[in-house]
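Right, one structure below, let's go through it.
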Amino acid sequence: MRFFIKVLREFEGTFSKVPSKKSLKKILFRRRKPMQYKQISVFLENRTGRLAEMTAVLAENNVNIKTISVADTNNFGIVRLIVDAPDAAVSALKKFGFTVKENSVTGIVIDDAPGGLRDALKLLEDNEISVEYVYYLETDKAAKKATIIAKFENPDAAEKIMRAGRAPNLG
């Protein structure tokens, strides 16, 4: 509750009446600053049980997976993860012989409705911003918004375009 009181103070004088918790969540979700996430990419041999081994190492080290994306070929796969403790995850995975790479990705808030992702991608396309990949992170059902993770060739340009456009926001 202290958090919402702090928010009310920040917005003091802008409301005609005290907003509900639901309204505050919508306001906060819309106003969030760009969110950079530390992504972990793990290169795995494409063989039975290897993904289970990787997730076991994370579980044994109290690392919670927030989202996961797997891309594979005939011989290997790339597992992209957002976790609650990236440094612990990297350390544990390397200790057990996994090949791990870290990089920064961006959270984009889109409308959780048909065409929400299309609108974001169209805005980027119209401004010649290359999207390397996207995958799902979370949904805020109250605000009817979803957050996707995106990797851009030029993240600074993508952020500038998304902020200037009236379509989705960086979240």
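The values are calculated or read from the model by the stated rules, or taken from the named source; none is laboratory data. None of the values given here were measured: they were computed from a predicted structure. Don't worry about glycine lacking a Cβ; one is built from the backbone with ideal geometry, like all the others, and counts go over all protein chains shown.
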Residue check for Ala120: among the small types (Gly, Ala, Ser), modelled with pLDDT of 90 or more and either outside any helix (DSSP H, G or I) or closer than 26 Å to Ala146 by Cα (or both): no
- request: Go through (1) touching an Asp or Glu at 6+ places or on another chain (Cβ under 9 Å); (2) hydrophobic (A, V, I, L, M, F, W, C); (3) assigned to a strand (DSSP E or B) one by one and return the number of the condition Val63 breaks.
  value: (3)
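Any residue at all in the range 129-138 that is more than 17 Å from Ile65 (Cβ to Cβ), of a type in the set (Phe, Trp, Tyr) and within 13 Å of the chain's Cα centre (by Cα)? I'd like the intermediate steps shown before the answer.
Of the range 129-138, the ones more than 17 Å from Ile65 (Cβ to Cβ) are 129-134.
With of a type in the set (Phe, Trp, Tyr) added as a condition, the list becomes 133.
Adding the requirement that they be within 13 Å of the chain's Cα centre (by Cα) leaves 133.
Yes, the conditions are met somewhere in the range 129-138.
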- request: From Ala142, Ala120, Ala71, grab the single residue that is of a type in the set (Gly, Ala, Ser) and farther than 27 Å from Asn154 by Cβ.
  value: Ala142
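Just for the range 74-90: of the residues that are surrounded by 14 or more Cβ atoms within 10 Å (Cβ to Cβ) and of a type outside the set (Val, Ile, Thr), which one is farthest from Lys38 (Cα to Cα)? Break it down stepwise before answering.
Of all residues in the range 74-90, those surrounded by 14 or more Cβ atoms within 10 Å (Cβ to Cβ) come to 76-83, 85-86, 88-90.
This time we only want the ones that are of a type outside the set (Val, Ile, Thr), so: 76-77, 80-81, 85-86, 88-89.
On the way: Phe76: 22, Gly77: 19, Arg80: 10, Leu81: 9, Ala85: 10, Pro86: 7, Ala88: 12, Ala89: 11 Å.
Among residues in the range 74-90 that are surrounded by 14 or more Cβ atoms within 10 Å (Cβ to Cβ) and of a type outside the set (Val, Ile, Thr), the one farthest from Lys38 (Cα to Cα) is Phe76.
Which ones in the range 95-116 are within 14 Å of the chain's Cα centre (by Cα) and either farther than 25 Å from Val42 by Cα or among the basic types (Lys, Arg) (or both)? Quick ask: steps written out before the conclusion?
Restricting attention to the range 95-116, the residues satisfying the condition of being within 14 Å of the chain's Cα centre (by Cα) are 103-110.
Val109, Ile110, listed by residue number.
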task: Only residues that are modelled with pLDDT of 85 or more, surrounded by 13 or more Cβ atoms within 10 Å (Cβ to Cβ) and out of contact with any Phe, Trp or Tyr (no Cβ under 8 Å at 6 or more places or on another chain): list them for the range 148-171, please.
output: Phe152, Pro155, Ala157
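I need the full set of residues from the range 33-45 which are loosely packed, with under 15 Cβ neighbours inside 10 Å and at pLDDT below 90, in order please. Working first, answer last.
We begin by selecting, within the range 33-45, every residue loosely packed, with under 15 Cβ neighbours inside 10 Å; these are 33, 36, 43, 45.
Those that are loosely packed, with under 15 Cβ neighbours inside 10 Å and at pLDDT below 90: Lys33, Gln36.
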- request: Report yes if Asp140 is surrounded by 14 or more Cβ atoms within 10 Å (Cβ to Cβ) and modelled with pLDDT of 85 or more, otherwise no.
  value: yes
- line: Of (1) under 30 Å from Asn46 (Cβ atoms); (2) modelled with pLDDT under 90; (3) touching a strand residue (DSSP E or B) at 6+ places or on another chain (Cβ under 6 Å), Thr73 satisfies every one except (3)
